[in-house]
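A quick write-up on the structure given underneath.
The values are calculated or read from the model by the stated rules, or taken from the named source; none is laboratory data. Note that the coordinates shown come from a computational prediction; the quantities given were computed from them, not determined experimentally. When we count neighbours, we look across all protein chains shown, and the Cβ atoms used for this are built from the backbone with ideal geometry, even at glycine. When the accessible area is computed, the model is the full protein with side chains, heavy atoms only, and any ligands, DNA or RNA have been set aside. Shrake-Rupley method; radii C 1.70, N 1.55, O 1.52, S 1.80 Å.
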Amino acid sequence: MAEWLIEAIEAGALAQNYTRLLQIEINDGCVTGARLRDTLSGAEFAVTANQIVNASGPWVDAVTAASGLNAERMIGGVKGSHLVLPRFAEAPKQAIFAEAADGRMVFVIPWNEQILVGTTEVEDSGDPGDARPTGGEIDYLMTSFQRFFPQSGITRADVRYAFSGVRPLPLSPGRKASAVTRRHIIYDHMPDGAAGLFSIIGGKLTTAAALAREAVKKMGIPVPEPEPVTGIVPAGEVEETCRQWAQLAAGKAGIRTASAEAIAEWHGRRAMSIAAAAARDEALRVPLCRHTLHIVAEATEAFAHECAVTLGDVLLRRVPVALGPCWSESCTREAAQAIGRAAGWGQSEIGRQIENFEEERARFLHPQGGN
Ligand SMILES: Cc1cc2nc3c(=O)[nH]c(=O)nc-3n(C[C@H](O)[C@H](O)[C@H](O)COP(=O)(O)OP(=O)(O)OC[C@H]3O[C@@H](n4cnc5c(N)ncnc54)[C@H](O)[C@@H]3O)c2cc1C
């Protein structure tokens, strides 16, 4: 996703993080622009546009409602929850997809030096930003995990954290969540009196590039032919390519091979520009904390090219070391000082970033679920 963001910016797009769309402006049945708010400064401003794509996922209906559109509800949100467990002696080295007791597919994936178990399908019509795993969902995932790995010795008390997301599926009353189509729909709001507005309903990460091309064509913008085809390469080839990137990055930046491998695994070919930045400045070759192979250059590149703004953007989303197995408050302080020095933050800014980060991290980690 970060690579797509960088490509879009390089192609001339303006991407702005922490910006909320308040309302789409419509005049005489046509879209004319939008009112936006910078949620960090609170400043409001307007942009003009004769076409808008409402790609706000499970918030699609909230955006059209806030814009005063008389559109039918389109999204039937389906929450999916995940657990993160510690690694154990016979932990799988590859992703496993297997059948749970109720016949659904559940996955167990090695992730960030831990084990990720998911997922559930629970109808959810609340604010997607408030979605939390329930105790029942955690029990369901733990039961499935223990069926696959009865000897692991891992129990519910070992759950490191649990989190949820809401799939923006098309509203399908009376249909089981698993039976709802995963295909996307690009809805044209012309019949609702908003020509130039398109809402994206459903969709998957795996089909996001095709969806983007389809949306662009709907807007009357030609897409070069032939359209690119997403290739599937054997797992071994991916590993070999990563190994080559890691070797090049290690040589370029003068960092340990293990560190370059960790960087290539997470950032792919972006490892090269991270290595180039690290080569220029010793402070960028410092590890983010003493437990991790990831380095400060990954944070500064995220600020420079991936629209990261806060410590949370870096440590929870772009380089999610703070979701790793050994993270503690002292790691936060160490990473904040190293990143702050490189980013030119003063001590009071570092203190403010740490406070906001700890609050955000605590909100995200729900080891025992809600109701
Ligand atoms: C539990 C779960 C499991 C999934 N499993 C898979 C899978 O196995 N394979 C697969 O390919 N896909 C999977 N997906 C689907 C994939 O993640 C979705 O396609 C994707 O989340 C939808 O992408 P999106 O960009 O449309 O929406 P989101 O990723 O939800 O992004 C919407 C964005 O809009 C922003 N937004 C909302 N309101 C406003 C506003 N007023 N102003 C500005 N911004 C706003 C939100 O902050 C958010 O960043 C899964 C999704 C979930 C939740």
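Taken over segment 167-182, the criterion of being free of Cβ contacts under 8 Å to residues at least 24 places away in the same chain and within 11 Å of the ligand (Cβ to nearest atom) is satisfied by Arg182 alone.
Go over the candidates Ile96, Ile52 one by one and state the one that is over 28 Å from Asn17 (Cβ atoms), in contact with a strand residue (DSSP E or B) (Cβ under 9 Å, 6 or more places away or on another chain) and in contact (Cβ under 8 Å) with a residue 12 or more places away in the chain. Steps first, answer last, please.
Values: Ile52 fails: over 28 Å from Asn17 (Cβ atoms).
So the residue among Ile96, Ile52 that is over 28 Å from Asn17 (Cβ atoms), in contact with a strand residue (DSSP E or B) (Cβ under 9 Å, 6 or more places away or on another chain) and in contact (Cβ under 8 Å) with a residue 12 or more places away in the chain is Ile96.
Tell me, please, whether a residue that is surrounded by fewer than 17 Cβ atoms within 10 Å (Cβ to Cβ), part of a loop (DSSP other than H, G, I, E, B) and touching a residue at least 40 places away in the same chain (Cβ under 8 Å) can be found in segment 27-37. The answer is yes, given that some residue of segment 27-37 is surrounded by fewer than 17 Cβ atoms within 10 Å (Cβ to Cβ), part of a loop (DSSP other than H, G, I, E, B) and touching a residue at least 40 places away in the same chain (Cβ under 8 Å). Would you confirm whether or not segment 256-269 contains a residue that is open to solvent by less than 80 Å² (accessible area, probe 1.4 Å), of a type in the set (A, V, I, L, M, F, W, C) and over 23 Å from the mean Cα position of the chain (by Cα)? Looking for residues that are open to solvent by less than 80 Å² (accessible area, probe 1.4 Å), of a type in the set (A, V, I, L, M, F, W, C) and over 23 Å from the mean Cα position of the chain (by Cα), one finds at least one in segment 256-269, hence yes. For segment 47-75, residues that are away from the ligand (no atom under 13 Å from the Cβ) and under 25 Å from Phe163 (Cβ atoms) total 0. Considering only residues in segment 124-145 that are among the charged types (D, E, K, R) and out of contact with any strand residue (DSSP E or B) (no Cβ under 6 Å at 6 or more places or on another chain), the one that is farthest from Pro173 (Cα to Cα) turns out to be Asp139. I'd like the full set of residues that are open to solvent by less than 10 Å² (accessible area, probe 1.4 Å) and basic (Lys, Arg), limited to segment 288-333. None - no residue of segment 288-333 is open to solvent by less than 10 Å² (accessible area, probe 1.4 Å) and basic (Lys, Arg), so the list stays empty.
Scanning segment 98-117 for residues that are outside any loop (DSSP other than H, G, I, E, B), closer than 30 Å to Ser172 by Cβ and at pLDDT below 95 yields Ala98, Glu99, Met105.
Okay, residues lined up against (1) of a type in the set (D, E, K, R); (2) within 16 Å of the ligand (Cβ to nearest atom); (3) open to solvent by 60 Å² or more (accessible area, probe 1.4 Å):
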| position | (1), (2), (3) |
| --- | --- |
| Phe97 | no, yes, yes |
| Tyr140 | no, yes, no |
| Ser144 | no, yes, no |
| Phe148 | no, no, no |
| Tyr161 | no, yes, no |
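So which of Gly135, Gly202, Gly153 is within 12 Å of the ligand (Cβ to nearest atom) and not hydroxyl-bearing (Ser, Thr, Tyr)? Give the derivation first.
Details: Gly135 fails: within 12 Å of the ligand (Cβ to nearest atom); Gly153 fails: within 12 Å of the ligand (Cβ to nearest atom).
Step by step, each of Gly135, Gly202, Gly153 is checked, and only Gly202 is within 12 Å of the ligand (Cβ to nearest atom) and not hydroxyl-bearing (Ser, Thr, Tyr).
Just give me the residues in segment 1-23 being in contact with a Gly (Cβ under 8 Å, 6 or more places away or on another chain) and open to solvent by less than 60 Å² (accessible area, probe 1.4 Å), in sequence order.
Keep residues of segment 1-23 that are in contact with a Gly (Cβ under 8 Å, 6 or more places away or on another chain), which gives 3, 23.
Of everything in segment 1-23, just one residue is in contact with a Gly (Cβ under 8 Å, 6 or more places away or on another chain) and open to solvent by less than 60 Å² (accessible area, probe 1.4 Å), namely Gln23.
Looking only at residues of segment 236-295 that are farther than 22 Å from Gly324 by Cβ and outside any helix (DSSP H, G or I), we find that the one that is modelled with the lowest pLDDT is Gly254. Got at least one residue in segment 105-115 being without any contact (Cβ under 8 Å) to a residue 24 or more places away in the chain and within 10 Å of the ligand (Cβ to nearest atom)? Yes, segment 105-115 contains at least one residue that is without any contact (Cβ under 8 Å) to a residue 24 or more places away in the chain and within 10 Å of the ligand (Cβ to nearest atom). Residues in segment 55-83 that are open to solvent by 20 Å² or more (accessible area, probe 1.4 Å), out of contact with any strand residue (DSSP E or B) (no Cβ under 6 Å at 6 or more places or on another chain) and at pLDDT 95 or above: 4 in all. Being assigned by TED's automatic domain parsing to the domain that holds Ala8 and either more than 16 Å from the ligand (Cβ to nearest atom) or of a type in the set (Asp, Glu) (or both) is the requirement here; does Glu214 meet it? Judged against the criteria, Glu214 is a match.
For segment 274-287, a residue qualifies if it is open to solvent by 40 Å² or more (accessible area, probe 1.4 Å) and either without any contact (Cβ under 8 Å) to a residue 12 or more places away in the chain or in contact with a His (Cβ under 9 Å, 6 or more places away or on another chain) (or both), and the qualifying residues are Arg280, Glu282, Pro287.
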